[in-house]
1. What is the residue count in region B:82-119 for residues that are more than 16 Å from the chain's Cα centre (by Cα) and closer than 21 Å to residue B:61 by Cβ?
2. Which of the following residues is in contact with a helix residue (DSSP H, G or I) (Cβ under 6 Å, 6 or more places away or on another chain) and farther than 26 Å from residue A:875 by Cβ: A:490, A:519?
3. Quick one: would you say residue A:182 is under 21 Å from the mean Cα position of the chain (by Cα) and outside the structural domain of residue A:803 (by TED's automatic domain parsing)?
4. Within region B:31-55, can you find the residues that are among the aliphatic types (A, V, I, L, M) and either closer than 22 Å to residue B:3 by Cα or within 8 Å of chain A (Cβ to nearest Cβ) (or both)?
5. Being buried (at least 18 other Cβ atoms within 10 Å of the Cβ), at pLDDT below 95, within 19 Å of residue B:24 (Cα to Cα) and in contact with a strand residue (DSSP E or B) (Cβ under 8 Å, 6 or more places away or on another chain) narrows it down to one of B:50, B:110, B:123, so name that one.
6. For region A:104-118, check the following and say yes or no: at least one residue is within 14 Å of chain B (Cβ to nearest Cβ) and on the phi > 0 side of the Ramachandran plot.
7. Could you tell me which residue of region A:406-421 is farthest from the other protein chains (Cβ to nearest Cβ), considering only residues that are assigned to a helix (DSSP H, G or I) and of a type outside the set (A, V, I, L, M, F, W, C)?
8. Can you tell me which residue among B:45, B:134 is buried (at least 17 other Cβ atoms within 10 Å of the Cβ), free of Cβ contacts under 8 Å to residues at least 60 places away in the same chain and of a type in the set (Gly, Ala, Ser)?
Amino acid sequence: MVQDKITLTIDHTEVVADSGATILEAALAGGIYIPHLCYHPDLEPAGVCRLCMVEIEGRGLTIACRAPVAEGLVVRTESPEIDKVRRVAMELLIANHHVDCLACGQDGNCAIQKTSAYIGISEERLDALRKREASSPIDTSNPFFDRDPNKCVLCGICIRTCVELQRVSAIDFAFRGPETIVGTFANRPLAESRCESCGECVVRCPVGALLPKKFQQPAREVRTVCTYCGVGCGLYLGVRGDTVVSARGDDDSPVNKGSLCVKGRFGFKFINHPDRLTAPLIRKDGTLTEATWDEALQLVADKLSTYHGDQFATLSSAKCTNEENYLIQKFTRAVMGTNNIDHCARLCHAPTVAGLVQSLGSGAMTNSINEVMGAACILAVGTNTTAAHPVIGLQMKKAVARGTKLIVANPKEIDLCRFAHLFLQHRPGSDVALLMGIMRVIVDEGLFDKAFIDERCENFEAFKASLDDFDPQFVSQTTGVPWEKIQQAARLYATEKPASLFYAMGITQHTHGTDNVLATSNLALLTGNVGKPSTGVNPLRGQNNVQGACDMGALPNVYPGYQRVDNDEIRAKFEKAWACSLPAGAGVTHVEIFDDIERKTIKALYIVGENPAVSEANSSHVVDALKTLEFLVVQDIFLSETAELAHVVLPAASFAEKNGTFTNTERRVQRVRQVIQPVGQSRPDWRITCQIAQEMGKSGFDFASPEDIQDEIRSLTPSYQGITYDRIEQEGLQWPCPSADHGGTAILHTERFATKSGKASFVPLTYRPSAEVPDKQYPFILTTDRSIFHFHTGTMTRNVQGMDVLNGQELLDINPADALSLEIDNGATVEVSSRRGRVSVRAHITEACLPGVVSMTFHFSETPTNVLTNSALDPVAKIPETKVCAVQIEKPDSPAG
Amino acid sequence: MEERLSSILSSYEGKREELIPILQQIQGEFGYLPEQAMLEIARFARVPESSVYAIATFYTQFRFTPIGKKHVMVCRGTACYVRGASRVLETVEELLGIKEGETTEDMEYSLETVACIGACGLSPCIMINKKVEAKMTRKRLTDVLGKGEAAEA
């Protein structure tokens, strides 16, 4: 029988330990120090440093880090024999270590210092042992940290971190005996290896072998939430004076439990970048010129007062806080009298909101991040999770290590495929066919969850009938995936329960994006994988607060909490609360705003923290439209490509300079805290919006703090009603949280769906090809992808010194067969053109792309990928088809085709 | 290289425990382990490329640079050692103009030392590719290495 608690004696002291603990863990937990170096609580014990030598009565010497506790064990940590053995071990370690303490960044935190001080190495011995010369070159290739092999004691903590924890495996021991080193493949510099620069090894290195470059100890630290992706990792930003100098993961965050990716850990330098906007700019005689806040606010207020209703539109920001998004939509609706407000969610997850609301009643991730580990099967479709949501990608990799079956469906062979049991490489745009094919197998083989469907779903028969079109031949022809693989995937997903489905832009950014989303919810419903732990339909949201911006109603058809603007009762509620009359009809969407600008119906535009000149599909069209505006106000932290076109630019404070809340992809509302004062004269977005409204003489914008705004949000938004700053001080709450005593909702739809009937709805689907398919003139499909080292249009990451070292330019991924037939060498510059534009880019030959399919990111404004992409819209969600367009690829010298 | 590589890999299942036989066969085919081949092996066996490199560098039998047409191994086993292996090595180095572990620029010769060929009765001996050359003297060396004229000149 397994005992939970075990009692043993260490140095005549009774210690109670968990069964399964090691003697070292039991001792350390019991307050008894045993010198150790290669042990780390997050990692499997390696037992290589030999310092934690102890004596077990009746058994003799052993290393404590690998010896499990047992009932009644009597352990001694001190004896002449122990001392003799560990002294030799210690001396050998010192002899291999370049002792350079005062100049070493690890001085004071070094495990060699601590253990040798404990064991007591005399000065003479030290002098005799000490390695004086730093004979091996230091690897300085990584822009964020250095690797000094002269200090390395080969404890293997970095390797175990990279292999066990991060599952990247960029490094391993190489060579043998005295030649042994920690090395990358082919012993190349780190920056040329598979290393993702997450820095987790740097955090754990017990000596000074891995150290951040130019590290400065912070004077103080502030707990906040990362500003990059939708995962919402908790972190501590360290400050010296007014400068953010460090970032480390928050071990207590339920989201990331201390882990960070390269952007979270090293991507903070944009905050104090010299190019930050520090004063308002007004266009005078064609040039943006510095102005005072009074001047700028006056001008904006005067100008905006001359527009009303649908002549005006706002693009809000998924980077801003909930409070700011709430204010910006309130300003647009209550002050400007229009529902013309949208934000980049339109370009990423509009189909999620449209589709999942239709089928499940709520357009958000149904389950939580920490449930990933509990899934028996994960289907990751259209998500390059390790690049775009690295910390969730990490959970997936860990789940696989614990036995979860991973199915990856993606037009590109992504990093996650290394861990997949099954990889379905379907053609871009064939998602409906793929997923319906999988469902057809599940239905034909009777693997569906009949009880769940009968009890909790509607419209099954109509859906089932729509599967008839998806016969094996049609499906494998359309997707390019052999039917047997589709069968395998269907069986795995349907039988390995619980199964979680994750998706991202690969599903949504299509003219049939809503259908794609509905296909994912059909699949989850069919197998009963909704409303239970570790199941669900889990859209991974892209921006840190895109979930919150949607929740706050920065959308043309809904007020905060997805309350529809065309519902008279709801509208009356907001008219009363805001003391104004509100327009009844939905406003226009992101892409339509630019069409209306071209049609001259929209004349003034307020853009907060967005860069559509680079991010929007068919971006040349957007730039042309922006230039025709009568009045363009851009509020941002940098002079982005979009801000350069503005009449007035208002300098905003970054996430590190203001208080508020972000809502992450799992609906968790978390506190964002001010770390430093706003740089220069920049102001928090909420304050700027309030000041514009006040300057226009409007009431309802006299808030003293973001917390005041949150109180108003709570009073109008049922799902946020119970979320107060007090309650989320320590840990965020997941909405819906309808009352002050409600603990938040980790899993949606556990008992009833958020639909009118309380039941989920199957939706029959048909296959529709992408708007643009390859033809003679444009024979390749271009799809877009992400790099782990950059974020979105690069406004932040391109301003972090170092990210460009790891990824400094756009590359066109192209299959070797295509490269061969076009006679393109790896690294050669090629011209890529579509019906909308043309860019020059260097080719990267890789088998990750199928023949006929090429891919690019869109992080580099000098290579604006989105001049190529197609702005054809999904009819329901109005999302442009960024994932599929037809292109031509030519060598620069060949005649234009 | 692609074709030779995939023809070798096709006879394996892609299991981790096949790594060393695969590495040996690849080296047999190419004379060394090209980086591209190690990357392909990693992909094939679904192990990180850093692990393939770790395993390959652990064993002295694996080489990472191309080898000359004639692979000269100077035995430094006990018997050869006492009968002048170090002088044999010096002479070979002088005749070929390369040091131990190197390959001549024309890719004709590579030079390595080995622990024992197992031909102690023939000591001091060397091995060129698979052929053992016995009882080395300076003259014998210049003959078997085909460097007679150069040495005499």
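The values are calculated or read from the model by the stated rules, or taken from the named source; none is laboratory data. All figures in this text were calculated on a predicted structure; none of them were measured in a lab. No Cβ is skipped: glycine too gets one built from the backbone with ideal geometry, and neighbour counts run over all protein chains shown.
1. The qualifying residues number 3.
2. Values: A:519 fails: farther than 26 Å from residue A:875 by Cβ.
Result of the check over A:490, A:519: A:490.
3. Details: under 21 Å from the mean Cα position of the chain (by Cα): no; outside the structural domain of residue A:803 (by TED's automatic domain parsing): yes.
It is false that residue A:182 is under 21 Å from the mean Cα position of the chain (by Cα) and outside the structural domain of residue A:803 (by TED's automatic domain parsing).
4. Filtering region B:31-55 down to residues among the aliphatic types (A, V, I, L, M) leaves B:33, B:37-39, B:41-42, B:45, B:47, B:52, B:54-55.
Within region B:31-55, B:33, B:37, B:38, B:39, B:41, B:42, B:45, B:47, B:52, B:54 qualify.
5. Numbers: B:50 fails: at pLDDT below 95; B:123 fails: within 19 Å of residue B:24 (Cα to Cα).
Going through B:50, B:110, B:123 in turn, just one is buried (at least 18 other Cβ atoms within 10 Å of the Cβ), at pLDDT below 95, within 19 Å of residue B:24 (Cα to Cα) and in contact with a strand residue (DSSP E or B) (Cβ under 8 Å, 6 or more places away or on another chain): B:110.
6. From region A:104-118, those within 14 Å of chain B (Cβ to nearest Cβ) are none; that's our starting set.
Scanning region A:104-118 turns up no residue that is within 14 Å of chain B (Cβ to nearest Cβ) and on the phi > 0 side of the Ramachandran plot.
7. Pass one, region A:406-421, residues assigned to a helix (DSSP H, G or I): A:415-419.
Now restrict to residues that are of a type outside the set (A, V, I, L, M, F, W, C): A:415, A:418.
Details: A:415: 12, A:418: 7 Å.
Restricting to residues being assigned to a helix (DSSP H, G or I) and of a type outside the set (A, V, I, L, M, F, W, C), the top hit is A:415.
8. Values: B:134 fails: buried (at least 17 other Cβ atoms within 10 Å of the Cβ).
Of the residues listed, the single one that is buried (at least 17 other Cβ atoms within 10 Å of the Cβ), free of Cβ contacts under 8 Å to residues at least 60 places away in the same chain and of a type in the set (Gly, Ala, Ser) is B:45.
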